[in-house]
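Supplied in structure tokens, the structure appears directly below.
The values are calculated or read from the model by the stated rules, or taken from the named source; none is laboratory data. Note that this is a predicted model, so its numbers are computed, not measured. Cβ: placed from backbone, ideal geometry, glycine included. Neighbour counts: every protein chain shown. Calculation scope for accessible area: heavy atoms of the full protein, side chains included, ligands and nucleic acids excluded. Shrake-Rupley method; radii C 1.70, N 1.55, O 1.52, S 1.80 Å.
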Amino acid sequence: MLVDSHCHINCLKGAEEKQTIQTYLDNANDVGVGHFLCVSIDWETYPEVLTIAEEHDNVFASVGVHPNHDEGHEPTVEELLEKADNANIVAIGETGLDYFRSEGDVEWQRDRFRRHIQAAKQCNKPLIIHTREAREDTIKILQEEDAKQARGVMHCFTETWEMAQAAMEMDFYISLSGIVTFKTALELQDVAKKVPIDRLLVETDSPYLAPVPYRGKQNQPAYVKNVAEFVAELRGISLEELTEQTTKNFFELFNSARPVT
Ligand SMILES: [Zn+2]
Ligand SMILES: [Zn+2]
């Protein structure tokens, strides 16, 4: 069974209804997607994320505040640690830097990023990194804060091979989303072929970024299968082999997550 290593189930259309969430998870199960990591983006909606993980054994959760979130509560390291001290929380994030969507002085983004790394190291849970147009600073801060101790994943990876290598040197994994299926994503497809198979994860980042052939529609966890199929074909391996390896990678990285059989 595949894992959707990064999704926002609480942001899917109709997610206020428990039954609707169940339908999304059933859709995914029907195509061979067995586990999900539901990722937090802010303090205010974190309880929704946690509830979904509490109610479903095959859904894991993270705690963190997204780099573009410029309103709402700014957690301290202690507050992150308090929330992370929970069996449903298997990672810290998403965190990182995004200079594309924030303007002006973004020192606050870098400070927030550092606090997340410090929390991850202290609680020994891996980091989920979001990075956009901030390649050098992202790697620099990960190195300065010794994020290698916590490890983590570069989620929805759209950067260069050089950046992938720099991340993998710190024992990070590379996660591919539906963007890799876009016709214009030639450079990324090249990266997708080169990343060692034991460092690869797949994700939807749903409800955003639906893969081909659903581009423009709402994305959902079931579509991680389309990402996986595309990457398997690129690499010239079977879907089964890609599934087996990426699922193994997921549970190696997020090692407090318990698979449901
Ligand atoms: Zn992200
Ligand atoms: Zn995300």
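For segment 122-132, give me the residue count where each residue is open to solvent by 10 Å² or more (accessible area, probe 1.4 Å) and either within 16 Å of ligand 2 (Cβ to nearest atom) or over 18 Å from the mean Cα position of the chain (by Cα) (or both). Write out each step before concluding.
Filtering segment 122-132 down to residues open to solvent by 10 Å² or more (accessible area, probe 1.4 Å) leaves 122-125, 130-132.
Remaining after also requiring either within 16 Å of ligand 2 (Cβ to nearest atom) or over 18 Å from the mean Cα position of the chain (by Cα) (or both): 122-123, 130-132.
Residues meeting the conditions: 5.
So which pairs qualify, if the first residue must be in segment 76-91 and closer than 21 Å to Ile129 by Cβ, the second must be buried (at least 21 other Cβ atoms within 10 Å of the Cβ) and of a type in the set (S, T, N, Q), the Cβ gap must be under 6 Å, and the two must be at least 6 apart or on different chains?
Ala91/Ser62
Being more than 16 Å from ligand 1 (Cβ to nearest atom), in contact with an Asp or Glu (Cβ under 8 Å, 6 or more places away or on another chain) and polar (S, T, N, Q) is the filter here, so list the residues in segment 35-67 that pass it.
none
Being in a loop (DSSP other than H, G, I, E, B) and over 19 Å from Phe250 (Cα atoms) is the filter here, so list the residues in segment 20-43 that pass it.
Ile41, Asp42, Trp43
Return the residues of segment 139-154 that are open to solvent by less than 10 Å² (accessible area, probe 1.4 Å) and either within 12 Å of ligand 1 (Cβ to nearest atom) or farther than 24 Å from Cys7 by Cα (or both); say none if nothing qualifies.
Ile141, Val153, Met154
Any residue in segment 140-157 that's part of a loop (DSSP other than H, G, I, E, B): show its pairings with residues that are open to solvent by 30 Å² or more (accessible area, probe 1.4 Å) and within 14 Å of ligand 2 (Cβ to nearest atom) at Cβ separation under 8 Å, as long as the two are six or more apart or on different chains.
Partner pairs satisfying both residue conditions: Cys156/Ile179; Cys156/Leu209.
Run Ala91 past the list (1) in a loop (DSSP other than H, G, I, E, B); (2) crowded, with 18+ Cβ neighbours inside 10 Å; (3) within 15 Å of ligand 1 (Cβ to nearest atom) and report the number of the one that doesn't hold.
Among (1) in a loop (DSSP other than H, G, I, E, B); (2) crowded, with 18+ Cβ neighbours inside 10 Å; (3) within 15 Å of ligand 1 (Cβ to nearest atom), Ala91 violates only (1).
Okay, next question. I need a count of the residues in segment 198-221 that are over 16 Å from Met154 (Cβ atoms), at pLDDT 95 or above and either small (Gly, Ala, Ser) or not in a loop (DSSP other than H, G, I, E, B) (or both).
3
Looking at Thr246, is it within 16 Å of Cys156 (Cα to Cα), touching a residue at least 12 places away in the same chain (Cβ under 8 Å), in a loop (DSSP other than H, G, I, E, B) and open to solvent by less than 70 Å² (accessible area, probe 1.4 Å)?
Taking the combined requirement at face value, the residue does not satisfy it.
To continue, here is another question. Can you pull out every residue in segment 44-87 that is open to solvent by 40 Å² or more (accessible area, probe 1.4 Å), in a loop (DSSP other than H, G, I, E, B) and not acidic (Asp, Glu)?
His69, Gly72, His73, Thr76, Asn86, Ala87, listed by residue number.
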